[in-house]
1. Ordering Trp354, Trp61 from largest to smallest accessible area (1.4 angstrom probe), what's the sequence?
2. Given a 1.4 Å probe and the protein chains all in place, what does the accessible area of Ser93 round to, in Å² to the nearest 10?
3. Quick one: accessible surface of His173, probe radius 1.4 Å, all protein chains present, in square angstrom to the nearest 10.
4. Can you work out D for segment 1-153 in µm² s⁻¹ from Stokes-Einstein, where Rh is the Kirkwood radius over C-alpha pairs, the temperature is 4 °C and the viscosity is 1.567 mPa s?
5. Which shape class, rounded, prolate or oblate, goes with segment 1-62 when its Cα gyration tensor gives a ≥ b ≥ c as root eigenvalues, a/c under 1.5 marks rounded, and past that a/b bigger than b/c marks prolate?
6. Highest first, please rank the peptides 300-308, 105-113 by the mean number of other Cβ atoms sitting within 10 Å of their residues.
7. Please calculate the 1.4 Å probe accessible area of Arg72, with all protein chains present, and give it to the nearest 10 Å².
8. With all protein chains present and a 1.4 Å probe, how do Leu406, Leu378 order by accessible area, largest first?
Amino acid sequence: MHKPFRDYLGAHGGKSLVWHAYDLLFAYFLTQHLQLPPQTMGLLTMALMLFGALADPVAGWLIGRGPDVPHRLVSLQAWGALISTLAFVALFSVPLPLSPVVHALGTGLVFQLCYKLYDVPQNALTSVLARDHREVLQLSAGRYFLSGAARILVALAAYLLVGEHATSPSGGHIALLIAVLCAPALLSAWRLARVVRKPVDDSANRNVHGVAARIRSGTFPRLPDGMAMLLTATFVNAGLLSVMGRMMPYLASRSGVLIAFSIGTLALLPLFRQLASRRGEHAAFLLAACLSAIASLGLSRSFALPGVAGDIGLNTFAFLYGGGSFGCTMLLWGTAANLIHRHHDRTATRADTWSYGIYTFASKLGIALSMLMLGQVLDPAVARSPAADHGLALARAAALAALGALVCTMVIYRTMKSLRESHAGRPRPSPVLEAVPQGSNGSSGSTFAESGEGRNGTSNGEVRLPSVPGR
């Protein structure tokens, strides 16, 4: 993989450390260290995520008013990394003069606002840096692998603090852990900014896809075709299917379930890659959704088993749930990257930051719903004792996961299948790309494997980052 791509993926891995730390630990931090009741925690985290969701399309629209040239976007994400990591450390600090609710709400709003400047430009770089569909696949596949690896690192670090053999952690220990996780994000973002300093002033490579991008008409650009169903599936996936994943830190006192869950997110990626390559993304998504639902039901049953049998069951089903739930997310993000890239191919109009802003809006709107659901399913005793009985909460979370898997598959299955068929009807370029990076989703379908020379005529390993004209 070309060096600028490796640096981009490194920056995405650093950003994933920040996001997964927020996703896995913030609710636990509010109930166990700030001693907030579960219902208050659910409302607070939902409010913060709703604010973040609404800010995403606004940030995408504002950033998109300028040209989507690589050097502009990497500069924005570098400065965004700096201010968002500072806000993130403050978010996980235990307040002294302020009430816990005021502290969490104030620092949370600042973090969500700063994170937009970090997240939206870096997401848009997936399609802006790439010159052809093959390179979109390389970047998307590497993102999935590094995101799963980041989740494992966060889970291992969290297990040292909240696991069954850990001593009772203080708020200072949590803040120190967050600071350590933020360091790679900050360093990798600024390294990417140094590597991609300026656009190449070469008339043969003046734009990413070899065609002049038209200035968009109207105030807001048109969303890619097929995005409506994708946005619905993304909302359901994040809102219902992911509730069980947010239960994992609360089970860490009994077994290594948090680690098993995180390892599963990465270990099962090759399975979905192979299935997507042979049968299509729609078949891979069906398997991932079914696996998530079955594993969720298994988790709720295993919790009632005593001793070693219960621990083995929890770890096994947590592993399977991690793989299935992350597989669903992976396939949805891959489809989004493909739709956004194809939109530029068809219309010669760039709408990357706007499209990713809308997509992350749907995802975070779902996360806000899942945070609210988590506060409702948890027993109020969890704020007083991490060893509280979570059997009923797991059963409720399993029911939500099963419902989410069913609805999500009904919504997205046909869209993915249509994309697969539309690509199958096109003549295949040659030579065929045999593989993409480890942990990727190599497929001959819509988002997972297509190859051939870049449209700028470069296929010999040379990378020249092009300059994209303004929208």
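1. Largest accessible area first, the list is Trp61, Trp354.
2. It works out to around 40 Å².
3. Roughly 90 Å² of His173 is accessible to a 1.4 Å probe.
4. Once the numbers are plugged in, D ends up at 78 µm²/s.
5. oblate
6. Highest-to-lowest ranking by the protection proxy: 105-113, 300-308.
7. 60 Å²
8. Most to least solvent-accessible, the answer reads Leu406, Leu378.
The values are calculated or read from the model by the stated rules, or taken from the named source; none is laboratory data. Computed from a predicted model, the values in this text were never measured in an experiment. Reconstructed Cβ throughout: ideal geometry from the backbone, glycine too, with neighbour counts over all protein chains shown. Side chains are part of the model used for accessible areas, which takes the heavy atoms of the whole protein and leaves out ligands, DNA and RNA. Shrake-Rupley method; radii C 1.70, N 1.55, O 1.52, S 1.80 Å.
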